[in-house]
Amino acid sequence: MELGRASSPAVRTIPIDSPISALNKFKQQNLPACKPVLKPSCVITSFLVLGFIFVPIGLTTLCASRTVVEIVDRYDSGCVPGAFRSNKVSFIKDTSLPKNCSRILKVRKHMKAPIYIYYQLDNYYQNHRRYVKSRSDQQLLHGLKSNNTSSCEPEEFNNGLPVVPCGLIAWSLFNDTYTFVRGTKELRINRKNIAWESDRDSKFGKHVYPLNFQNGTLIGGGKLDPHIPLSDQEDLIVWMRTAALPSFRKLYGRIEEDLEADDVIVVHLMNNYNTYSFGGKKKLVLSTSSWLGGRNDFLGVAYIFVGGSSIILSIVFLLLHMKNSRY
């Protein structure tokens with residue numbers, strides 16, 4: 001009896017360009033890829049070009065930063081009477097004591113308008129998690145129409161009434177003030193447009209007014225005019241944009257006239273803000289600007305460092321290549 005031959009199963013051919021084939025190649029790491037073999041000449045040239053690009057950029061940036069003229073004056077210690085030098089906290093908390101103070105600034109170089117006035121705080125952690133969260137963006141924009149203000153605790157209510165603006169950030173508003181006198185003339189300070197336009201227009205309501213603010217038993221910082229909407233209270237808007245680092249500057253205003261070299265500026269200030277309780281520092285900063293902004297040498301130094309390192313590496317690789325040349 002003749003046995004029948006077993007039939008072989010049909011083989012299904014998968015097209016090369018099908019999705020299944022591409023998936024298999026992906027799983028087996030067989031997809032087309034660029035695998036350049038870097039020759040020493042290419043590496044040396046790349047590092048050299050990178051250095052010749054970065055070093056001029058760094059020098060240009062550093063020169064622009066150095067053209068900025070700054071005057072920095074720390075006044076928190078100097079504006080405390082001698083009798084209270086050992087107990088500064090009691091001085092700043094005593095509302096019956098005068099807080100006015102005068103400082104003398106000398107202009108070293110010509111300062112071209114506009115001259116920006118900043119206050120600088122050191123050892124002040126605005127980036128603390130509970131502090132950053134203690135605000136209500138909906139209330140800042142819509143006022144009492146927003147009822148979700150639980151994030152503002154412990155500055156959510158005072159005497160059973162809601163606080164507008166609520167939260168610790170607004171409660172701790174910076175409230176030192178400055179006036180500047182050159183000779184017998186008081187310099188005009190422009191305090192308009194010191195906040196971001198997007199913040200004024202989109203984050204603070206034009207029909208939201210301060211309510212029950214700083215009326216509790218514990219006063220934090222500055223007070224707000226209840227007749228001016230939040231969108232026009234630019235000191236508050238600047239302060240509410242919290243800083244990421246413990247040392248920061250915030251814009252106070254602008255002097256829109258030039259200051260000449262050797263000018264003497266008398267600053268009359270009110271030393272109201274309490275930084276003594278936590279060892280903070282207060283500084284007054286006058287600064288011009290360049291096409292790059294304020295004074296900051298870091299960017300220029302970083303470019304020069306990277307570019308210089310690239311040039312040094314290219315020289316080292318060139319020497320190694322000349323010693324052990326294979327290509």
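The values are calculated or read from the model by the stated rules, or taken from the named source; none is laboratory data. Just so we're clear, the structure is a prediction, and the values are computed from it rather than from any experiment. Cβ atoms come from the backbone with ideal geometry, glycine included; neighbour counts cover every protein chain shown. The area values use the complete protein model at the heavy-atom level, side chains included, leaving out ligands, DNA and RNA. Shrake-Rupley method; radii C 1.70, N 1.55, O 1.52, S 1.80 Å.
So, of the residues in the range 63-77 that are of a type in the set (D, E, K, R) and in contact with a Ser or Thr (Cβ under 7 Å, 6 or more places away or on another chain), which turns out to be least open to solvent (accessible area, probe 1.4 Å)? Residue satisfying both the conditions and the ranking: D76. Note on the range 80-192: enclosed helices (runs of 4 or more DSSP H) holding 3 or more residues that are within 24 Å of E234 (Cβ to Cβ) and either in the same structural domain as P246 (by the TED database) or modelled with pLDDT of 90 or more (or both) are 129-133, 137-142, 168-171.
Of all residues in the range 255-304 being of a type in the set (G, A, S) and either assigned to a loop (DSSP other than H, G, I, E, B) or closer than 22 Å to S86 by Cα (or both), which is farthest from the chain's Cα centre (by Cα)? Once the filter is applied, the top-ranked residue is A261. Pairing residues of the range 60-78 that are farther than 18 Å from L259 by Cα with residues that are among the aromatic types (F, W, Y) and part of a loop (DSSP other than H, G, I, E, B), at Cβ distances under 9 Å and at least 6 apart in sequence or on separate chains, gives A64/W291; D76/Y273. Looking at the range 37-53, which of its residues are among the hydrophobic types (A, V, I, L, M, F, W, C), within 9 Å of S310 (Cβ to Cβ) and open to solvent by less than 80 Å² (accessible area, probe 1.4 Å)? Once the filter is applied, which keeps residues that are among the hydrophobic types (A, V, I, L, M, F, W, C), within 9 Å of S310 (Cβ to Cβ) and open to solvent by less than 80 Å² (accessible area, probe 1.4 Å), the range 37-53 yields F47, L48, V49, L50.
In summary, P19 fulfils each of the numbered conditions (1) at pLDDT 65 or above; (2) out of contact with any helix residue (DSSP H, G or I) (no Cβ under 8 Å at 6 or more places or on another chain) with the single exception of condition (1).
Scanning the range 51-77 for residues that are farther than 27 Å from S289 by Cβ and among the small types (G, A, S), we see that the one that is modelled with the lowest pLDDT is S77.
For beta carbons closer than 8 Å, sequence separation of 6+ or different chains, a first residue in the range 132-157 that is under 21 Å from G216 (Cα atoms) and open to solvent by 100 Å² or more (accessible area, probe 1.4 Å) and a second that is assigned to a helix (DSSP H, G or I) and hydroxyl-bearing (S, T, Y), the qualifying pairs are K133/S151. Checked against the criteria, I312 does not count as in a loop (DSSP other than H, G, I, E, B), open to solvent by 30 Å² or more (accessible area, probe 1.4 Å) and β-branched (V, I, T).
Condition check for L320 on (1) open to solvent by 50 Å² or more (accessible area, probe 1.4 Å); (2) under 18 Å from the mean Cα position of the chain (by Cα); (3) of a type outside the set (V, I, T); (4) not assigned by the TED database to the domain that holds N158: one failure, at (2). Note on the range 151-163: residues that are touching a Ser or Thr at 6+ places or on another chain (Cβ under 9 Å) and under 23 Å from K206 (Cα atoms) total 7. Any residue that is in contact with a Lys or Arg (Cβ under 7 Å, 6 or more places away or on another chain), in the same structural domain as L144 (by the TED database) and part of a loop (DSSP other than H, G, I, E, B) - is there at least one of those in the range 238-251? Within the range 238-251, none of the residues are in contact with a Lys or Arg (Cβ under 7 Å, 6 or more places away or on another chain), in the same structural domain as L144 (by the TED database) and part of a loop (DSSP other than H, G, I, E, B).
Which of the residues belonging to the range 214-246 are over 22 Å from K192 (Cβ atoms) and either crowded, with 16+ Cβ neighbours inside 10 Å or modelled with pLDDT of 90 or more (or both)?
Q214, G220, T242, A243, A244, L245, P246
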